[in-house]
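First up is the structure itself, then whatever we jot down about it.
The values are calculated or read from the model by the stated rules, or taken from the named source; none is laboratory data. Owing to the predicted nature of the structure, the values given are computational and were not obtained by experimental measurement. When we count neighbours, we look across all protein chains shown, and the Cβ atoms used for this are built from the backbone with ideal geometry, even at glycine. Surface accessibility is based on the protein's heavy atoms, side chains included, excluding ligands, DNA and RNA. Shrake-Rupley method; radii C 1.70, N 1.55, O 1.52, S 1.80 Å.
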Amino acid sequence: MADQLARPVRKPALLLFLSLAAVLFGPSRSQAMPIIQDDSVQIEQAIDTWLHIRPWIDELYVPTADRTSPGDLGPELTGVSLMLRFQGRIIGVGEAHDQGADTLRQATSAAVQDARSSQRVRDLPFEMIESVGKQTCVELELPLQPQPLLGETFEDVVASIRPGIDGLAIRRGTNWSWSFPGRMQAFGLADRPERVLIRLLRELGLPPKNPAELRRIDDVEFYRFEVIVLTQESPESMPFESIRGTRLVPRPSELRSMAEKIAEAAADNLLTHLASDPTSDVGDIPGAERLADLGLFGDYEVSTDRYKPMVASPGEQALTAWALARYCAEYRGLVPETRSEIRRIAGLIIERLATVDPVEEEPLSDERCVPLILLTGLALYDRAENRDPVLSEPPILAKARERFLAQIDRPEDEQQKTNLSIRALEAVAACALSQETDPIISPEKAAQMLESVWRTAVPNELIGVLHFLILADRTLSPNPNLASHRAASQHLIEASIVNQIGHQDSLVAVDPPVRDLLGGFVLSGSPRTTSGASSLRPALALAAAARNGLIPAPERQAAWQSSLELALRFAQQLQIDDTQAYRTPASTRARGGLKSAPWSNLSRLSDTALALLLATEVLADEDLAPTSSPTKSRPRTTPKGP
């Protein structure tokens, strides 16, 4: 009784505290365009709603309507959607609309019933089931005012939908069917709104016909709506207002600090892709011989804790090894223990490529893989200042040199048909190999290969490989075409900057359409201004160009610096941090990976490797980020794969 009497006194104080927590620890709403454009629902009401349902979730029990007094129903809402996560997995979902004062209770009851009947909860020991609610994270979505969607076809209707931001609704007469953006994102449908529309039509008993035809035969209209979202990092943590399931990354005040965070998290994530324990010999791991042969797992599906494909391609494995090797070779802020461990694992990845499992591709038949193996070897074994007496060059490097010489000796007509990224990688490797004490390729041949890529590619193709070409120009000496390459690089970087979201020189969006897109590059012809992990390539080119001293004039210094800051901010926005990792089934495997887009559940191995290359390039540029004393004192631990 005393506790019940005290609750009305404590609740306003707790509500005030949570309101401050949502503002202070959630994304800042004052730095960019707000998501909320309608004042029908406010953050205070969302927090009050969350507070009201949390005791029901803790007990996994919602009283029936006849046992709930009107004062205990909570705020009256037009709609609400709930997702319940236990140990990172969704165990319950529920939503309700237009049920008056009972809307919140009905949605919560549906989510709790779903959780109680889920296989994951039913498989738990009986004594643990009653504590599931207290160990559950709650994600709450409250809809704002629906806005009509114009268009005669499905493509027209969904053209303006922002994945993870906009929900979809269809009205037939007085009946509505809804799909909330958080749930669409959680189940991998955020970028497939056409499928969602077909499901909503089916729920209303309508055929999957074009909107224009449906409007002629019935009272049908299509809508989008935004939401207020409250979510948690862990069951014990306070809720915060999220954007596409995470916090908004602020613009960096200092490049080095952000680059260090990106690099450390990306390197740790890449190591989780190892298919077996790298600290043990294969023979000491029962049944693990095949896992060792597999090398690295492939892309990671965050929401389902699955690797798709199970085995990464040889090219992606070699790219990962090169990124790790460059990180150790170029960044002097690593302590010796950490550097030695990462270098050893990078060498291990290359070594294991030589053992080919039946489900794998032959690495030396992958033209992309061959130059990457050689570049990794140069970073690991051929730099005197980085030599490690415990590392010995694996036999696959000698075979890769032979294969490389045969590979680059293609007839001219075949050369032009070869994928541009392969030719660019070959040029990087050729330029680096030409500078060895006992080179297997001459600087003249390397210069010809590099010039061929520059000469035959069109500008929009060059953007995708510009980072490789700038690295090649940095390495090659003598370089007879350096002046023309520098001018072309400057032009392409300037073209990238005007396609960057949020940059003061941007021609696509000076103000980001969604706050988390700030700093991304628009590289597609999509009618919607958006961005994803493809931004890593122009960002890496920008960092490499700045390190090469390619800033065209002193008055452009600030613009380039600003662009790099924004690009690094966007890279970290894509990186899975603790906020998202704790809400996944396997936080260790998710943390540090790069999502393919802000709304995506897929973390590609190659994107995480590119993020490490980007951060390394920034850290190695002492003009942008002056070298400091080593700060990483802990040796990295390498979690085993599943």
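One line per residue, one yes/no per condition, for (1) small (Gly, Ala, Ser); (2) more than 23 Å from the chain's Cα centre (by Cα); (3) modelled with pLDDT under 90:
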position	(1), (2), (3)
267	yes, no, no
278	no, yes, yes
288	yes, yes, yes
298	yes, no, no
307	no, no, no
310	no, no, yes
318	yes, no, no
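Within the range 573-598, track down each residue that is part of a strand (DSSP E or B) and in contact with a Phe, Trp or Tyr (Cβ under 7 Å, 6 or more places away or on another chain).
Passing the criteria: none in range.
Which pairs have Cβ atoms under 6 Å, sit 6 or more apart or on different chains, and link a residue in the range 231-242 that is over 17 Å from residue 584 (Cβ atoms) to one that is at pLDDT 90 or above and in a strand (DSSP E or B)?
239/230
Specify the residue that is least open to solvent (accessible area, probe 1.4 Å); the eligible residues are those in the range 324-348 that are among the charged types (D, E, K, R) and within 14 Å of residue 381 (Cβ to Cβ).
343
For the range 199-214, how many residues meet the condition of being loosely packed, with under 14 Cβ neighbours inside 10 Å and either assigned to a helix (DSSP H, G or I) or touching a residue at least 12 places away in the same chain (Cβ under 8 Å) (or both)?
Matching residues across the range 199-214 total 4.
So that you can scan it fast, the table gives a plain yes or no per residue for (1) closer than 25 Å to residue 469 by Cβ; (2) open to solvent by less than 10 Å² (accessible area, probe 1.4 Å); (3) in contact with a strand residue (DSSP E or B) (Cβ under 8 Å, 6 or more places away or on another chain); (4) not in a loop (DSSP other than H, G, I, E, B):
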site: 530; (1), (2), (3), (4): no, no, no, no
site: 543; (1), (2), (3), (4): yes, yes, no, yes
site: 563; (1), (2), (3), (4): yes, yes, yes, yes
site: 566; (1), (2), (3), (4): yes, yes, yes, yes
site: 600; (1), (2), (3), (4): no, no, no, no
site: 608; (1), (2), (3), (4): yes, yes, yes, yes
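Among the residues of the range 380-393, is there at least one that is modelled with pLDDT of 90 or more, not charged (D, E, K, R) and not in a loop (DSSP other than H, G, I, E, B)?
Yes.
Test residue 513 against the stated conditions and say whether it is free of Cβ contacts under 8 Å to residues at least 12 places away in the same chain and either within 15 Å of the chain's Cα centre (by Cα) or surrounded by fewer than 19 Cβ atoms within 10 Å (Cβ to Cβ) (or both).
no
Of everything in the range 218-242, what is under 15 Å from residue 141 (Cβ atoms) and open to solvent by 30 Å² or more (accessible area, probe 1.4 Å)? Give them in sequence order.
Listed by number, the list holds a single entry, 224.
Does residue 620 qualify as being touching a residue at least 24 places away in the same chain (Cβ under 8 Å), aliphatic (A, V, I, L, M) and open to solvent by 10 Å² or more (accessible area, probe 1.4 Å)?
yes
Got at least one residue in the range 33-41 being assigned to a helix (DSSP H, G or I), open to solvent by 20 Å² or more (accessible area, probe 1.4 Å) and at pLDDT below 90?
Within the range 33-41, not a single residue is assigned to a helix (DSSP H, G or I), open to solvent by 20 Å² or more (accessible area, probe 1.4 Å) and at pLDDT below 90.
Do you know which residues across the range 126-168 are out of contact with any strand residue (DSSP E or B) (no Cβ under 9 Å at 6 or more places or on another chain), under 25 Å from residue 579 (Cα atoms) and at pLDDT 90 or above?
Residues satisfying the conditions are 134, 163.
Go over the candidates 425, 433, 466 one by one and state the one that is at pLDDT 95 or above, among the aliphatic types (A, V, I, L, M), within 21 Å of residue 495 (Cβ to Cβ) and crowded, with 23+ Cβ neighbours inside 10 Å.
Answer to the selection: 466.
Would you please name the residue that is most open to solvent (accessible area, probe 1.4 Å), looking only at residues in the range 148-194 that are farther than 27 Å from residue 304 by Cα, aliphatic (A, V, I, L, M) and assigned to a loop (DSSP other than H, G, I, E, B)?
150
For the range 494-504, which positions are among the polar types (S, T, N, Q), within 23 Å of residue 191 (Cα to Cα) and open to solvent by 10 Å² or more (accessible area, probe 1.4 Å)?
Listed by number, the list holds a single entry, 499.
Considering the range 69-96 alone, what residues qualify as being part of a loop (DSSP other than H, G, I, E, B) and open to solvent by less than 60 Å² (accessible area, probe 1.4 Å)?
69, 73, 74, 75, 77, 88, listed by residue number.
So if I check each of 536, 523, which one is among the aliphatic types (A, V, I, L, M) and either closer than 30 Å to residue 230 by Cα or part of a helix (DSSP H, G or I) (or both)?
After ruling out the rest, the residue left standing is 536.
Just to be sure, is residue 519 open to solvent by less than 10 Å² (accessible area, probe 1.4 Å) and touching a Gly at 6+ places or on another chain (Cβ under 7 Å)?
Criteria met by residue 519.
Any chance you could count how many residues in the range 97-128 are free of Cβ contacts under 8 Å to residues at least 60 places away in the same chain and open to solvent by 10 Å² or more (accessible area, probe 1.4 Å)?
The number of residues fulfilling the criteria is 22.
If we scan the range 243-252, do we find a residue that is crowded, with 18+ Cβ neighbours inside 10 Å, among the basic types (Lys, Arg) and touching a strand residue (DSSP E or B) at 6+ places or on another chain (Cβ under 8 Å)?
There is at least one residue in the range 243-252 that is crowded, with 18+ Cβ neighbours inside 10 Å, among the basic types (Lys, Arg) and touching a strand residue (DSSP E or B) at 6+ places or on another chain (Cβ under 8 Å).
Quick one: would you say residue 507 is under 19 Å from residue 600 (Cα atoms), out of contact with any Asp or Glu (no Cβ under 9 Å at 6 or more places or on another chain) and open to solvent by 50 Å² or more (accessible area, probe 1.4 Å)?
No.
Within the range 434-442, can one find any residue that is in contact with a Ser or Thr (Cβ under 8 Å, 6 or more places away or on another chain), under 28 Å from residue 242 (Cβ atoms) and not acidic (Asp, Glu)?
no
Out of the residues in the range 547-561 that are out of contact with any His (no Cβ under 9 Å at 6 or more places or on another chain) and assigned to a helix (DSSP H, G or I), state the one that is nearest to residue 483 (Cα to Cα).
Checked the range 547-561; the qualifying residue nearest to residue 483 (Cα to Cα) is 547.
Considering every residue within the range 576-589, establish whether at least one is open to solvent by less than 10 Å² (accessible area, probe 1.4 Å), closer than 22 Å to residue 255 by Cβ and in contact with a helix residue (DSSP H, G or I) (Cβ under 9 Å, 6 or more places away or on another chain).
yes
Can you tell me which residues in the range 129-139 are open to solvent by less than 40 Å² (accessible area, probe 1.4 Å) and part of a helix (DSSP H, G or I)?
If the condition is that a residue be open to solvent by less than 40 Å² (accessible area, probe 1.4 Å) and part of a helix (DSSP H, G or I), then 129, 133 are the ones that fit.
Mind telling me which of the residues 367, 351, 316 ends up being open to solvent by 10 Å² or more (accessible area, probe 1.4 Å) and in a loop (DSSP other than H, G, I, E, B)?
367
Taking residue 513 as meeting all but one of (1) touching a Gly at 6+ places or on another chain (Cβ under 6 Å); (2) farther than 18 Å from residue 461 by Cα, write down the number of the exception.
Exception for residue 513: condition (1).
Which of the residues spanning the range 120-176 are among the small types (Gly, Ala, Ser) and under 30 Å from the mean Cα position of the chain (by Cα)?
133, 159, 160, 164, 167, 169, listed by residue number.
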